[in-house]
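Every number here is computed from the coordinates shown, using simple stated rules; none is lab data. If you're wondering where the values come from, they're calculated on a predicted model, not measured in any experiment. All Cβ positions, glycine included, derive from the backbone under ideal geometry; neighbour counts span all protein chains shown.
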Amino acid sequence: MQRIFLKGIKGGTGCTAITANLACVLKKSDINVIAVDLDPKSDLGLHFGLLWKNTQGWSNAENFDDVLKCFYQDNDGVIFLPHGNKIPTPTEINGLIDSCKKLDTPKNTWMLFDCPSHIDISHYALDENDIVVELVNCDAICHSLIYKQLQKLKNTENSWHHFFLVNRYNSASVLEFDLFSLWQSTLPLMAPFFINSDEVIKESTAYRNVALNCAPYSIANDDFETLAGWLVSKAAL
Ligand SMILES: Nc1ncnc2c1ncn2[C@@H]1O[C@H](COP(=O)(O)OP(=O)(O)OP(=O)(O)O)[C@@H](O)[C@H]1O
Ligand SMILES: [Mg+2]
């Protein structure tokens, strides 16, 4: 099983949208996908057709047998686990992540975790094969946060694969172009491409869906296919 932890370096970078769209694109290429919502905002399910009224998820379950009853499958075959409306302790979060490892799944299963931006990635019990994708936007705040995060990573023992991925890139912005070029040429761990800013992502969310289903020929969907292909190449290493 390949595990991918997606997390925003700050709130609102587009982590949940990327998780849902990536899940759907991976599923289209015959990878078995399970998407798990680790964020108490519990909004990942909205991309998979779940109604906002649904408040139940793994955080409400008493034990893992009850968690098993919370899994859904969307129309594309993506399996997802909503968070629910309780605030779990860090131990409970790690307990869930660990229990998910024991799920009886086909070998080509990818588990995607939509992680809240306020919990540092080092709080999760990560394995050496895990891939962390930390979402950033091309702005000055993220610029300083990336440097801080790189410093932190340097000073902690980490064996997982860690990458920064630019989301919501605006090609008309000179500042974004300059920052992206600077990061590509000077920083380690940057993914060598970006996800463009594209209204399709917002529009498909409005339909409680993803770009692949709402606008398969969009720039957004091309970007998600690039991301999926790149992650497949990283997972194979
Ligand atoms: N590449 C993009 N282009 C255009 N809109 C985007 C893009 N990525 C995300 N969005 C939009 O930005 C908004 C915030 O996205 P999302 O909820 O995924 O962010 P988040 O990082 O998960 O936020 P939070 O930190 O609150 O969990 C949503 O309306 C989403 O549709
Ligand atoms: Mg989110």
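Considering the range 19-126 at the alpha-carbon level, its Rg and Dmax are found to be 13.0, 35 Å.
Once both labels are positioned 7 Å from their Cα atoms along Cα-to-Cβ, the gap between residue 193 and residue 108 label points is 2.0 nm. Full extension of the segment from residue 226 to residue 172, taken as 0.36 nm per residue of separation minus the current Cα-Cα distance, would add 17.3 nm. Dimensions of the range 3-45 from C-alpha coordinates, computed as largest minus smallest value along each principal axis and given longest first, are 31, 17, 16 Å.
Between residue 30 and residue 184, residue separation times 0.36 nm minus the direct Cα-Cα distance comes to 52.3 nm. On full extension, the segment bounded by residue 92 and residue 51 gains 12.2 nm, given 0.36 nm per residue less the C-alpha separation. What value, in deg cm²/dmol to 500, does the helix sum -39500 (n - 2.57) over DSSP H runs of n ≥ 4 give at 222 nm once divided by the residues of the chain? About -11500 deg cm²/dmol.
The chymotrypsin sites (Phe, Trp or Tyr not before Pro) of the range 25-127 that DSSP puts in a loop, and whose beta carbon has at most 11 other beta carbons within 10 Å, are 52.
Based on Cα atoms of the chain, Rg over Rh with Rh as the Kirkwood radius reads 0.94. Eigenvalues of the alpha-carbon gyration tensor of the range 141-237, scaled by 5 and square-rooted, set the equivalent ellipsoid semi-axes at 27, 18, 12 angstrom, largest first.
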